[in-house]
1. Magnitude of the Cβ-charge dipole of the chain, K/R +1 and D/E -1, about the Cα centre, nearest 20 debye?
2. Round to a whole number: what % of the accessible area of region 181-239 belongs to carbon and sulfur, probe 1.4 Å?
3. Where does the longest stretch of the chain lie that holds no chymotrypsin sites (Phe, Trp or Tyr not before Pro) found in a DSSP loop with 10 or fewer other Cβ atoms within 10 Å?
4. State log₁₀ I(q)/I(0) for region 45-165 at q = 0.09, 0.17, 0.21 Å⁻¹ as given by the Debye formula over alpha-carbon point scatterers of equal weight, solvent excluded.
5. If I build a Gaussian network model for the chain, linking alpha-carbon pairs within less than 10 angstrom, which residue out of Ile233, Ile168, Ile150 has the largest mean-square fluctuation?
6. How much length, in nm to one decimal, is gained on full extension between Lys248 and Thr157, taken as 0.36 nm per residue of separation minus their Cα-Cα distance?
7. Quick one: helix 261-271 against the long Cα principal axis of the chain, what's the angle to the nearest 10°, folded into 0 to 90?
8. Grab the beta carbon distance between Tyr82 and Asn238, set R0 = 45 Å, and tell me the FRET efficiency rounded to 0.05.
Amino acid sequence: MHPQLKEREGTFSEYTHKLTVVFLYALLYAIALNFFWRPANIYTGGITGFSQIFTTLFEKLTGFEPSISLVYYVLNIPFLIYGWFKMNKKLVVFTLISVTFATVAIELVPRVVLTEDPIICALFGGAIGGCSLGLALKNGIATGGLDIGIIAIRRKTGKSIGYISVIINTIIVIAAGFLFGFPYAFYSVISIFVSGKVTDFVYTKQQKMQVLIITKEPEKVIAALKKRLLRGITVLNNEAEGAYDHRKKSVLLTVITRFEMNELEEAIEEADPESFVSISENVHTIGKFDDFGL
């Protein structure tokens, strides 16, 4: 197959896969919201939580409940505009697609009261919502404009993504307490906690792996890795020698996340299929290492 046709086929396959994941994410997230969170007055994190706050306050003040899907979409727009000018445009395009799919799914999936028990709704809503978020993140898809906002805040303040997320979710939980009473704030905490745990279980990106590469084509391998992974690479030895054939080889060291394994394999296959790669799992790092990879 012609290289350009092969590249196009790979790109088409990647986009088809991502769109399928976006569809599944949107459907699962809408089920979590309309089957569990909203019927039990449980607030979730992020833009969805702020959308719940806005619609509740608007209804209390005017007697009219606006469409939560419309509010969700509108609240995402400022972050998407900012991201378009300040961040990776491909990331923003897929974020826009995921936001659009989620908006449509939230609107189309009916609001069904399966149970009014807030604990059951918190547990099941958190589990389904966390599964949807983990699935999206595992496939490199940002799930909403607030992801872009969190990255921007991190760049400005130097605070970790986890710290910023805790602050945002704390605001949402306090709002839930004032709007519905603090027992519902505690239920929201349970749901957010379960959602986070399930997201971590599905989403393995934060698991770091040390990669040692022995290659006869160091320049090609370094170029391929930088193109696909955007990770730092250290040349440990340019004068290593094979004990069997006594050929000169280079030893390269980098640290990636489990999420990036496919990109690593593709880069090695492209640059030097005959290289030897050793991988150590679950390593710990100190210093600058971008877990988010954006």
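The values are calculated or read from the model by the stated rules, or taken from the named source; none is laboratory data. Predicted model only: the values in this text are computed from it and were never measured. Quick reminder, even Gly has a Cβ in these numbers, built from the backbone with ideal geometry, and neighbours come from all protein chains shown. Note: accessible area is taken over every heavy atom of the protein model, side chains too, but ligands, DNA and RNA are not part of it. Shrake-Rupley method; radii C 1.70, N 1.55, O 1.52, S 1.80 Å.
1. For the chain, the charge dipole is close to 760 debye.
2. Reported share for carbon and sulfur atoms: 60 percent.
3. 65-243
4. For the requested q values the scattering log ratios are -0.29, -1.00, -1.36.
5. Most flexible of the set in this elastic network: Ile233.
6. Difference between extended and current length: 28.2 nm.
7. Helix 261-271 sits at roughly 30 degrees to that axis.
8. Using R0 = 45 Å, I get an efficiency of 0.55.
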